1. Anyone know which of SER192, SER118, SER184 comes out most mobile in the 10 Å Cα GNM of the chain?
2. I'd like the distance between the alpha-carbon centres of segment 14-66 and segment 90-154, rounded to an integer number of Å.
3. In deg cm²/dmol and to the nearest 500, what is the mean residue ellipticity at 222 nm of the chain if only DSSP H runs of at least 4 residues count, each as -39500 (n - 2.57), divided by the residue total?
4. Could you list CYS65, CYS153 so that the one with the fewest beta carbons within 10 Å of its beta carbon is first and the one with the most is last?
5. Hydropathy at least 0.0 by Kyte-Doolittle, axial extent at least 27 angstrom from the Cα trace: which helices of the chain, defined as entire DSSP H runs, fit?
6. Can you tell me how segment 1-90 classifies by the Cα gyration tensor, rounded, prolate or oblate, using a/c under 1.5 as the rounded cut?
7. If a/c stays under 1.5 just call it rounded; otherwise compare a/b with b/c (prolate if a/b is bigger, oblate if not). Do that for the chain, with a ≥ b ≥ c from the square roots of the Cα gyration tensor eigenvalues.
8. Considering the chain as a Gaussian network with a 10 Å cut-off on Cα pairs, which listed residue, ARG180, ARG163, ARG132, attains the greatest mean-square fluctuation?
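Every number in this text was worked out from the coordinates using simple rules, so none of it is lab data. Predicted model only: the values in this text are computed from it and were never measured. Methodologically, a virtual Cβ is constructed for each residue, glycine included, from the backbone with ideal geometry; neighbour enumeration extends over all protein chains shown.
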Amino acid sequence: MAFAVHRDASQGEPRYLDTERYLHGKSLDSKAYHHRWPRVGFQRSSPQNNFRRIVAATIPAGEFCFDTISYVPEHKSRLSLTELLSLLNSRLLDWYFRLGSSNSKVNEYQFNNLPVPSFSERQPQDGAVAARILALVDEGSHEEAFQQVRRHCSTPPFGGVVRLTLAGLAERIIAAETRRGPISRRQRAQLSDGADALQRLIDRILFTLAGIDDDEAERLGRRLEAML
């Protein structure tokens with residue numbers, strides 16, 4: 001697993017699962033059958049000096065996970081997986097997690113305690129507005145795109161325009177990282193330049209949702225860097 005994208009393993013030995021034997025006698029609604037669904041997964045062990053403490057990525061349907069990976073399956077999430085991915089890989093949640101972490105584990109209770117913005121249901125008209133914002137992103141007009149989405153960030157619960165914009169940005173990060181192809185383990189610790197610019201926009205939106213302005217976000221970023 002690498003930031004945002006599911007990649008082939010860079011270390012360790014292959015392990016194989018006798019799927020038929022493993023699933024024998026288990027009910028269709030049990031955790032054993034979560035492999036049928038796409039998921040967002042995250043590492044359960046992450047050293048305190050790691051480049052990120054929460055390392056989240058998509059897991060396609062059909063894949064099984066060892067106990068070192070926790071995940072949220074699509075059918076159990078109230079947010080889309082790309083919305084969830086944009087939150088988990090944000091600087092805001094990474095900073096928040098580091099405040100309460102004293103060891104290398106990402107425990108379930110810590111994950112469950114992560115703050116999440118209050119969102120409302122998406123409405124049919126939200127799609128057209130979000131599409132215009134994402135078109136600005138694709139043109140490279142990130143500042144204008146931010147100012148457009150900022151209009152929808154003032155009062156919770158935040159609506160579908162914000163949700164769809166975050167999801168669209170996460171989708172573009174996944175696409176950009178996928179285009180990199182096979183990369184070294186060291187390279188996996190950093191996004192490509194294009195994906196990094198998209199992640200910074202996600203971070204800026206989430207800071208705004210949390211009531212944190214650009215100056216405060218910059219100071220928080222410096223504190224985050226000092227934690228590494």
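1. SER184
2. 24 Å
3. When only DSSP H runs of four or more count, the value is -13500 deg cm²/dmol.
4. CYS65, CYS153
5. Those that pass (Cα extent of 27 Å or more, hydropathy at least 0.0) are 160-179.
6. oblate
7. Prolate, since a/c reaches 1.5 and a/b exceeds b/c.
8. ARG180
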